[in-house]
Amino acid sequence: MKVLVIDPKIAGISGDMLIAALVDLTGSADLLEPVADVIGGLSCCDHFSFEVHDVDAGGISAKKIKVEVKEKNHRNHTDMRDSIVEIAKKTGLSDTAKNLAFRIIDDLLSADEKLHRTVFHHHEMLSVDTLFDVAGSLALLDHHGFLEGEIFGTPPVLGSGFTCIAGGEIACPAPATLEILCRHQIPYSSYPADMEMTTPTGAALLANITDRIVDAYPPMKPLRVGYGTGSRALQGRPPVLRVAEGMNFDAVQDRIIMLETNLDDVPGETVGYTVERLREAGAVDVFLTTASGKKNRPVQILHIITNQQDYPGLLEILMDETGTLGVRILDIPRLVAYRTRQVMRVIVGGEAFEVSVKTSTVNGNVLARKPEYEDLKKIAKQLNLPLNKVREEVLTQLGAPARDV
C-alpha cells in the first residue's frame with residue numbers, strides 16, 4: 001500500500017506549498033493544466049495561468065508555483081461547489097477527491113463565518129487561487145493513487161508575528177487557521193518566525209487529506225521525496241514543505257513509557273524487592289545497568305518499561321521503595337512486529353500436548369515463533385525432562401528458530 005507523509009513541521013503548510021511539493025515529488029505538473037483550463041473558463045475568472053519554477057529554498061532545491069489570475073466577480077459557497085463539480089467532470093477527478101474538496105471548502109467557509117458573523121464575505125476565503133490549490137493538489141493525489149493508500153501528517157508549525165485580516169493585523173496564527181486546527185484536534189508546533197507559516201488553506205488541506213497526525217514518520221520503505229516552497233523567506237531553516245512517498249511497512253506503531261532512576265546508596269535486597277514489586281504491578285520489563293555517578297561512585301540505573309496507563313502506579317512504587325528523589329520519564333515511540341497467538345499441538349516424548357505459540361510477522365513474513373514458557377515448563381515437569389530439551393523439540397516441530405519475540 002502507498003504511504004504519503006506531509007511534513008509541515010519544518011516551515012508550515014499553505015496551499016501553494018503543498019501543490020508545489022506534490023509536483024516536485026511526482027514530476028506531474030502537466031496534470032495541473034486541465035485544472036487550470038477549467039478554472040480559467042469559470043464565470044468568476046477572466047484569466048488564469050500558472051508556472052512551475054525550480055528554486056533554491058534555504059539550500060534545498062524545491063518547486064515553486066507562480067499563479068497569474070484576473071477575477072471579475074466574487075464567489076459564494078454554491079459557486080465553489082459547482083466549480084469543483086465542473087473540475088471533477090472535465091478532469092476525471094474521482095468521487096473521493098471531489099468529496100474531499102467539498103470538505104476542505106466547507107471548513108474554510110465555516111471557520112470564517114464563525115469568526116465574522118456580522119460581516120461575512122465568502123470571497124475572503126474563496127479566491128480562485130485557493131480553488132486551484134485545493135483542486136490541483138487533489139488531482140495530483142488522486143492520479144498517483146495516494147488517496148487509496150495512507151496519508152500521514154506531522155504537527156504543522158504556526159510561526160508568530162502578525163498577519164493581516166479584513167479588520168487589520170492580528171497575532172499569528174490566523175484565527176481561521178486556529179479554528180480549523182481546533183475543529184479537527186490537530187496538534188501543532190511553534191517556531192519564533194515573524195510570519196504566518198501555516199495558512200487556513202494549508203490547515204484545511206492537512207486536516208482533511210491526512211488519515212493521522214504523527215510525531216515521527218510512520219514505518220515504510222521510502223521511495224522518493226519532494227519539496228515545495230511559497231513566497232516568503234524564512235530565517236534559520238529552509239522555507240519548505242516536505243512530502244515523502246513510501247510503501248507500507250506492515251508493522252505496528254506503539255509507544256512505551258520508560259522510567260529511569262539512579263540508585264547509589266540502596267541495599268541490594270531493597271533493589272531486588274523493588275524489582276519484584278514492579279513486575280507484580282504490571283511492568284512490561286524491569287532491568288538494571290551499571291554506570292558512574294557523582295564523584296565517580298558506581299551506581300545502578302533502574303529501568304522500567306511500561307505504558308501510559310500504568311506508569312503513575314509504578315512511579316509511586318519506585319519512589320516509595322527506593323526513596324529516590326527523582327525519576328526520568330521518557331515517552332518513546334517504537335515499532336514492533338505484528339503478533340498473534342494460537343494454540344498448537346506438539347508431540348514430546350511420544351505424548352501430545354497443546355502449547356500456546358506467539359507468532360511475529362512483518363509484511364506477511366514470519367520472523368519468529370515462540371512457545372509459551374509456562375506451557376513448556378508444564379511439559380518438562382510432567383515428563384521429567386530438561387526445559388531446554390523440551391523447548392528445542394517444540395521449536396523444531398514449529399519450524400521456528402530459537403528467538404524471543
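Bear in mind that the values in this text are calculations on the coordinates, not laboratory data. Computed from a predicted structure; not experimentally measured. Glycine also receives a Cβ, built like all others from the backbone with ideal geometry; neighbour counts cover every protein chain displayed.
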FRET efficiency (residue 276, residue 345; Cβ distance; R0 35 Å; to 0.05) is 0.50
What helix-only [θ] at 222 nm does the chain give? Using -39500 (n - 2.57) per DSSP H run of at least 4, over all residues, to the nearest 500, the answer is -11000 deg cm²/dmol
Once phi for every residue in segment 131-143 is put through the Karplus expression 6.51 cos²θ - 1.76 cosθ + 1.60 (θ = phi - 60°), the whole-Hz ³J(HN,Hα) values, with Gly and Pro written as x, are 4, 5, 4, 6, 5, x, 4, 5, 4, 5, 4, 5, 4
If R0 = 51 Å, then residue 60 and residue 388, at their Cβ-Cβ distance, give a FRET efficiency to the nearest 0.05 of 0.35
For residue 237 and residue 265, extending 7 Å from Cα along the Cα-Cβ vector and measuring point to point gives, in nm, a value of 4.4 nm
Contour minus Cα-Cα span, residue 296 to residue 28, at 0.36 nm per residue, comes to 90.4 nm
Subtracting the Cα-Cα distance of residue 184 and residue 362 from 0.36 nm times their residue separation yields 60.9 nm
Straight-line reach check, residue 9, cutoff 20 Å on alpha carbons, 8 or more apart in-chain or any other chain, hits among lysines -> 63, 64
About its Cα centre, segment 338-398 carries a charge dipole, from +1 on Lys and Arg Cβ atoms and -1 on Asp and Glu Cβ atoms, whose size in debye to the nearest 20 is 200 debye
Out of 359, 201, 154, a Gaussian network model of the chain with alpha-carbon springs under 10 Å gives the largest mean-square fluctuation to 359
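With r as the distance between the Cβ atoms of residue 316 and residue 288 and R0 = 22 Å, compute the FRET efficiency 1/(1 + (r/R0)^6) and round to 0.05.
0.65
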HN-Hα couplings for segment 278-294 via Karplus (6.51, -1.76, 1.60; θ = phi - 60°), in whole Hz with x for Gly/Pro, come out as 5, 5, 5, 7, x, 4, 5, 7, 9, 8, 10, 10, 9, 7, 9, x, 4
Taking placed amide H atoms and a strict 5 Å upper bound, the residues 5 or more places from residue 189 or on another chain that come that close are 157, 158
The set of residues whose placed amide H lies less than 5 Å from the amide H of residue 338, leaving out same-chain residues fewer than 5 positions away, is 252, 361
Scalar couplings 3J(HN,Hα) for segment 49-58 by Karplus 6.51 cos²θ - 1.76 cosθ + 1.60 (θ = phi - 60°), nearest whole Hz, x for Gly and Pro, are 8, 9, 9, 10, 10, 8, 9, 9, 10, x
Between the Cα axis of helix 15-26 and the main Cα principal axis of the chain, the angle (0 to 90°, nearest 10) is 70 degrees
The simple spin-label model distance between residue 223 and residue 89, using points 7 Å out along Cα→Cβ, in nm, is 3.3 nm
Here the gain from full extension of residue 49 to residue 216, 0.36 nm per residue of separation minus their alpha-carbon distance, amounts to 56.4 nm
If one builds a Gaussian network model of the chain from Cα atoms under 10 Å apart, the most fluctuating residue listed among 337, 11, 62 is 337
When the chain is treated as a Gaussian network with springs between alpha carbons less than 10 Å apart, the largest mean-square fluctuation among 289, 177, 199 is found at 289
Rounded to whole angstrom, the alpha-carbon centroid of segment 335-354 lies from that of segment 169-228 at a distance of 46 Å
Taking Cα atoms only, helix 175-184 is inclined relative to the longest principal axis of the chain by an angle, in degrees rounded to 10, of 40 degrees
